[in-house]
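Engineer: Take this structure, written in structure tokens, and hold onto it; I'll ask about it next.
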Amino acid sequence: LHKSVLKCSSRVNVLSYSPDVPSIAQAYSKHSDSITVEFTTVSGASSYLLRAESKTGNFFSEMVVSSSPGTVVQLQPYTDYRLSVMSVNSGGRSQPSYPIEARTVVMAPKLNTTSPDNGTILVTWTPVENAVLYTLCIIREGSMSRNKLNTTDTIVRFGGLEAGTTYCIKGTAWDAAGRAGDDLTICQITRPPSPDVTYVEVTQGRSLGIAVYWMSAQGADTYVAWTTNRQNCTSTVSGYCFITPVECGQNHSVSVTAYNDAGPSSPSKPQTYITCGYITQPEPHTTYNPTSGNCSLVWNEVLLVEYYMAFIKRDDGTENSCNTTKTTCPFSCMCGYTYLTTVFPYNEAGSSPYSNVRNYTTIPCCPQGVSINLVSTETLEINWSPVKGAELYETTAAETNDVIHCNDTAPVCALSDLRCNTAYTVTVTPCSELRGCNRTCTPQTHETAPCAPEIVNMTQTNNSTYRVHFLTPNTPNTNYTITAIGRYDTHSCQSRNGSCELTQLPCGSTYEVMAVAMTTVGRSLPGYSKPLETGPCCPMYVNVTQVTQAMTNVTWSPGSGARSYITTLMSPRGKAKCHTLDTHCLMGCITCGTNYSVNLESISSTGHKSECKYRGFSSSACCPTSVKLYRRANNSLRVYWSSLGPQLQNHTVQLYGTAANYTCIAAADSKYCDIQEETCGDVYRVVAAPVGQNGIKVSFCQPRTYSVPCPGGNAAMGKYPLNFTFCFAVVKGIV
């Protein structure tokens, strides 16, 4: 063996085995939705698992129970099931036991009970599926005796019962195998017996009536007494009730019917009664004159009357009365009050024992302190103080065909969706349910805000002034304010006619122009705005530089709001034009020695133009032509030239030779210049140019090259021909 030492663990693993299979002793059903299973217990089982399967295979259920017996629930009535049991412990579950079949019992009949009279209970039910027999057991409440009945019908009548007594009925259904199914118990009370009327008494007082007394009936909880003239009274506890009012001189009878949950009893035997023999009371009514504030209580004449006593009581406690032989009683009344009136006729027998109290409510008062406020351009808010007697208020305007705009209990109304710049006659009418509406209230007039003006067009009258034309939809006394809102400033003008001028508008700016109307009532909504763009600004400066005798370079400062420019040079000899996005332009066709002006158009991105004129420009003097170089006898050189026009400037002549350079100045009226030569036989580049008034010579005159031989020769040869002037214009990016 190896030399290693084996160590045994002190922990011992114990194998667990599933318990033995139990066996089912019996299975039975006492309820239609369950089956109880009795089985043998096995050693080592901690619980048991009951399994139920329907024979059709559409039901399967397993339920854990701790011991025998166990019950499987949630089953269907009168259905066959296959049942088995398994024992369970920590090692698992055993195999299912040998299955056993059992069937659930039938359901209990659903009983419906009624009591058609005070000695009978009628029981009905719908047939129970798979039931062949029914057992009904009836027991009186508080009694141990019972009556059992077997039947195959679905209706049973129990007679000879006590009136007003509760009976409990238990119903059980049986299947063909003689097994009893579920049972259901329902309780029903029989109708009460007829009560006995013991006494009928006529009650005196301001309201004539009768009191009906009777003996209590067993099982009754409510009693109703009916007279032959269809008057009634009801009582739930006491053995009496009162019927009021009744009239004098009546001969009627009264009977009492008892009620419980089962229904009414048979009426009691009628008991006759006779009321007093006094004369009939009058029927008064009241008239009201809202203008004078007077009311009259009027009633019909009653026979056998000597005089009348009329009582009038206002709802604030004020009382009036009349003692008169006539059928009218005048009294002072006010709007919005309720008056309680009653009239008692008198004769030798005395007064009527009672008289109907009638109430009369005068029409509600007109609201005071009605205020109308303009809350928006086309909405009026009306407020008033609540008035007595008014249950709701109608608010109308005559200009809207008296359509009711508000029909509310609150003392406020808003008339909306009105026409602008219109006076509305508003009436607040208080109304009550009893007397209707008070149509005598004074209307109030208020005007809505002016209509919003509409801008028609805008025209420019000068560089900084624009005339705005707009529609005037309001009354002639309406003020209109036109406002131009820009990014940095705001301008406005006022007018009562259809136009006004916005002045001092800076160039190169954009504005939103809107119109607002104002009256003493208020201001309108702003009209739809329109954009206004002023013309772009002219450049602050323009510089013109002569490039050649026929080309000029024009530069200028940027103009605010301008995107492109059209520059035109105007002179008596013609004009030159260019269109550019830059602030400079190279132009031709303007010859030397010419006075001209500069016309510049600043154009915005939307096409607005501003015309800018700049005067006092002149081109440089013309370069001399036919320049020739001659040698003279005294070793001097003479440069001779011709001028295109009058020679008004001095000329400078420069000779650039290989050996020496020479310069001479010629007066304004001279056309030649002499230079003393030091070395003969040289080649000269000759430049003759006029000198401006500022002392600066023209820089663009072209040089000419001459070869001058030493004495003995008589020819002077120019290598370059005379200049010719031709017109062109060059613009950066545009030709």
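The values are calculated or read from the model by the stated rules, or taken from the named source; none is laboratory data. Bear in mind the structure is a predicted one, so any value in this text is a computation, not a measurement. We place every Cβ from the backbone using ideal geometry, glycine too, and count neighbours over all the protein chains shown. The protein model used for the area step is the full one, side chains on, heavy atoms only, and it has no ligands, DNA or RNA in it. Shrake-Rupley method; radii C 1.70, N 1.55, O 1.52, S 1.80 Å.
Engineer: Computed FRET efficiency, Cβ-Cβ of K628 and N694, R0 35 Å: what is it to the nearest 0.05? Intermediate values should be presented prior to the final figure.
Structural biologist: On the way: r = 29 Å, r/R0 = 0.82.
Step by step, r from the Cβ atoms, then E = 0.75.
Engineer: While we're here: Could you please state how large a percent of the accessible area of the chain is carbon and sulfur, counting protein chains only and using a 1.4 Å probe? Show your work: numbers first, answer last.
Structural biologist: On the way: 20070 of 40040 Å².
Summing carbon and sulfur atoms, their accessible area is 50 percent of the total for the chain.
Engineer: Separate question: May I ask you to evaluate 6.51 cos²θ - 1.76 cosθ + 1.60, the Karplus curve with θ = phi - 60°, for each residue of the stretch 313-327 and list the ³J(HN,Hα) values in order in whole Hz, giving x for glycine and proline?
Structural biologist: Karplus values, whole Hz, x for Gly and Pro: 10, 7, 5, 9, x, 5, 10, 9, 8, 9, 10, 9, 9, 8, 10.
Engineer: I would also like to ask the following. Pop out the ³J(HN,Hα) list for the stretch 490-499 in order, Karplus 6.51 cos²θ - 1.76 cosθ + 1.60 with θ = phi - 60°, rounded to Hz; leave Gly and Pro as x.
Structural biologist: 9, 10, 8, 8, 10, 6, 10, 9, x, 7
Engineer: What residues have an amide H closer than 5 Å to that of N543, excluding those fewer than 5 places away on the same chain, when H is modeled at 1.01 Å from N in the peptide plane?
Structural biologist: Residues meeting the amide H criterion: T555, W556.
Engineer: Efficiency by 1/(1 + (r/R0)^6): what FRET value for E391 and D261, r their Cβ-Cβ distance, R0 = 60 Å, to the nearest 0.05?
Structural biologist: Numbers: r = 43 Å, r/R0 = 0.71.
So, using R0 = 60 Å, E works out to roughly 0.90.
Engineer: Okay, next question. So for each of 355-361, 668-674 I average, over its residues, the number of other beta carbons within 10 Å; can you give me the resulting order with the highest mean first? Numbers along the way, then the final one.
Structural biologist: Values: 355-361: 16.9, 668-674: 14.6.
Packing proxy ranking, top to bottom: 355-361, 668-674.
Engineer: Which entries of K30/K55; K575/K628; K530/K613; K609/K697; K170/K269 have Cα-Cα distances beyond 27 Å here?
Structural biologist: Values: K30/K55 20 Å; K575/K628 33 Å; K530/K613 31 Å; K609/K697 39 Å; K170/K269 37 Å.
Checking Cα-Cα distances, K575/K628; K530/K613; K609/K697; K170/K269 exceed 27 Å.
Engineer: Could you give the length gained on full extension between N553 and Y98, defined as 0.36 nm per residue of separation minus the Cα-Cα distance, in nm? Write out the running numbers ahead of the final one.
Structural biologist: Working: separation 455, 0.36 × 455 = 163.80 nm, distance 12.15 nm.
Using 0.36 nm per residue and subtracting the Cα-Cα distance, I get 151.6 nm.
Engineer: Hey, what do the phi angles of the stretch 534-542 turn into as Karplus ³J(HN,Hα) couplings, whole Hz, using 6.51/-1.76/1.60 and θ = phi - 60°, x for Gly and Pro?
Structural biologist: 6, x, x, 6, 6, x, 5, 8, 9
Engineer: Related question: State the extension gain, in nm to one decimal, for the chain segment bounded by N294 and V42, taking 0.36 nm per residue of separation less the distance between their alpha-carbons. Don't skip to the end; give the middle numbers.
Structural biologist: Working: separation 252, 0.36 × 252 = 90.72 nm, distance 10.69 nm.
Net length gain for the segment: 80.0 nm.
Engineer: Relative contact order of the stretch 61-192, please, whole-number percent, based on alpha carbon pairs below 8 angstrom and at least 6 residues apart. If you can, show how the numbers build up before the last one.
Structural biologist: Details: 276 pairs, mean separation 31.8, N = 132.
Once normalised by length, the contact order is 24 percent.
Engineer: To continue, here is another question. Report, by chain and number, residues whose modeled amide H sits under 5 Å from the one on T203, excluding near sequence neighbours (fewer than 5 apart, same chain).
Structural biologist: For T203, the qualifying residues are G209, I210, A211.
Engineer: Ranking request for peptides 121-132, 452-463: highest mean number of other beta-carbon atoms within 10 Å first, then the rest in descending order.
Structural biologist: Values: 121-132: 17.3, 452-463: 14.8.
Packing proxy ranking, top to bottom: 121-132, 452-463.
Engineer: What order, most packed first, do the peptides 631-642, 420-431 have when packing is the mean number of other Cβ atoms within 10 Å of each residue? Please list the in-between numbers first.
Structural biologist: Values: 631-642: 15.6, 420-431: 19.2.
Going from most to least packed, we get 420-431, 631-642.
Engineer: Given contacts defined as C-alpha pairs under 8 Å and at least six residues apart, what's the relative contact order of the chain, whole-number percent?
Structural biologist: Details: 1934 pairs, mean separation 36.0, N = 735.
Dividing the mean separation by the residue count of the chain yields 5 percent.
Engineer: Another one. Skipping prolines and chain starts, which residues have an amide H placed within reach, meaning under 5 Å, of the one on D402, given they are 5 or more residues away or on another chain?
Structural biologist: A397
Engineer: Per residue, how much accessible surface does the chain expose to a 1.4 Å probe? Answer in Å², no decimals.
Structural biologist: Working: 40040 Å² over 735 residues.
I get 54 Å² per residue for this part.
Engineer: Excluding residues fewer than 8 places away in the same chain, name every one of the aspartates and glutamates whose C-alpha is closer than 19 Å to that of K148.
Structural biologist: Correct list for K148: E162, D175, D182, D183.
Engineer: Of the listed values (i) 97.4; (ii) 32.0; (iii) 47.3, grab the one calculated as mean projected area of the Cα convex hull in nm² from the structure here.
Structural biologist: This structure yields the entry labelled (i).
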